[in-house]
Amino acid sequence: MKLKNLIVVALLLAIGTILHALVPGFPMKSDFGLVMLFISLFLFADAKSFLIIGLVDGILAGLTTTMPGGFIPNVVDKLITSTVVFLVFYLIARHLQPKAKYIFGVVLVGLGTAFSGTIFLTVAILVAGLNAAAFGGLFVTMVLPTALANLVLFAVLYPIIVKIGERSGFLHTAPRPTTR
């Protein structure tokens, strides 16, 4: 990964960490930092860097969690989520036109957030001693609303970040085919 891309990813993850830290939580809180993780994966990740991006975001989310014993579930969750989301996006989105790619990304963010919440809750049950009976309630009251909020947040922020990236030279759009 190029240094300038690494800097932008670090800034995105820092913004995600601030979002994660500022959201109030009563043992569990919404993870709006996932939006920045997904934007980083979609715009800058490659086969060599997606695990590092996921690990760093997991550590940052673990440091700002309010859930007792939530550090390990955050790290495991972000590693698994970043791997699955990156591979799905990489394998499918490269075959799509820009508009379809954007729509696919929006849907993938919603599904990825739900997947992330499922992994987090499962690991919290196994490692942190969360009551297994609380899974359904937390999934419905925390994970699903967060997935919807992240979907909307991504739909708004992604085009803005892409436009800023193109204007600043950090992102290069593919050249348009010319007709002769």
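Just a few scattered comments:
- Computed from point charges on the beta carbon alone (+1 for Lys and Arg, -1 for Asp and Glu), the dipole magnitude for the chain about its Cα centre is near 780 Debye.
- Packing-based ranking, highest mean first, of 140-148, 161-169 given that Cβ atoms within 10 Å are counted: 140-148, 161-169
- Dividing the summed helix terms, -39500 (n - 2.57) for each DSSP H run of n ≥ 4, by the number of residues in the chain produces a 222 nm estimate of -24000 deg cm²/dmol to the nearest 500.
- Cα gyration tensor shape for region 83-164, rounded if a/c is under 1.5, else prolate or oblate: prolate
- Span-rule helices in the chain, defined as complete DSSP H runs reaching 18 Å or more along the axis (Cα) with Kyte mean at least 1.0: 3-22, 50-63, 71-93, 98-126, 144-168
- In terms of surrounding Cβ atoms within a 10 Å radius of their Cβ, M67, M1, M28, M36 rank from fewest to most as M1, M67, M28, M36.
- Pairs of lysine residues in the chain - Cα separation under 20 Å, sequence separation of 8 or more or cross-chain: 8
Laboratory data are not the source of any read-out in this text; all were calculated from the coordinates shown. Quick caveat, the model's predicted, so the values are computed rather than measured. Glycine also receives a Cβ, built like all others from the backbone with ideal geometry; neighbour counts cover every protein chain displayed.
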